[in-house]
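Take a look at the structure below.
Nothing in this text is a laboratory measurement; each read-out follows from the coordinates by a stated rule. These figures come from a predicted structure and were not determined experimentally. Positions of Cβ are generated from backbone atoms using ideal geometry, with glycine treated the same way; all protein chains shown enter the neighbour counts.
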Amino acid sequence: MPDRDERMAILKNVFCEANRPGELRIPPGLVMAIIDIESSFNRYAVSSVGAVGLMQVMPFWPENLGMRRHQLVRAPENIRMGCAIFRAYLRHESGNIARALARYNGSVGKRGYSDKVINQWTRWNGADDLGRQAEVKVSAR
């Protein structure tokens, strides 16, 4: 991402959302990997199925999360929604990152997307301290 201010804003929002007080912590490197795979850091990205923004959130989610649809292209709000959705899937999958990623992508029962995100996560220069914990959960699938 060439624009330094936008890059720093995304990094700050990812860190804050990944560490949201009172919520399940998500490794920030994992959130960055999801964004990288989902939208290549294009906050205006729209998928062939209608998912929008950095974390490719489907348009029905904002209302379910107490937000508005127009917020899908705003980086802070899109990251907040994407993290909330991923947290719900992590809880549903008892902390199994690979299965939560597949659910996030709508590819339950398939490994392609999960493997792609996890591989990208490891490329984020070690991503973060929780990378080793994720490897244990991923290998246990």
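For the reader, a short list of remarks on this structure follows.
- Some residue of segment 14-21 being assigned to a helix (DSSP H, G or I) and surrounded by fewer than 22 Cβ atoms within 10 Å (Cβ to Cβ): yes
- A residue that is aliphatic (A, V, I, L, M) and under 21 Å from Arg99 (Cβ atoms) occurs nowhere in segment 69-77.
- Evaluation of Gly53 against (1) touching a residue at least 40 places away in the same chain (Cβ under 8 Å); (2) in contact with a Leu (Cβ under 8 Å, 6 or more places away or on another chain); (3) buried (at least 20 other Cβ atoms within 10 Å of the Cβ) (one fails), failing number: (1)
- Here the condition is being over 25 Å from Arg123 (Cβ atoms) and in contact (Cβ under 8 Å) with a residue 60 or more places away in the chain; of Glu23, Glu6, Glu17, it holds for Glu23 alone.
- Pairs with Cβ under 6 Å, 6+ apart, first in segment 92-118 and surrounded by fewer than 22 Cβ atoms within 10 Å (Cβ to Cβ), second part of a loop (DSSP other than H, G, I, E, B): Ala98/Arg141; Arg99/Glu93; Tyr113/Ser107
- Residues of segment 87-111 that are of a type in the set (S, T, N, Q) and under 20 Å from Asp36 (Cα atoms): Asn105, Ser107.
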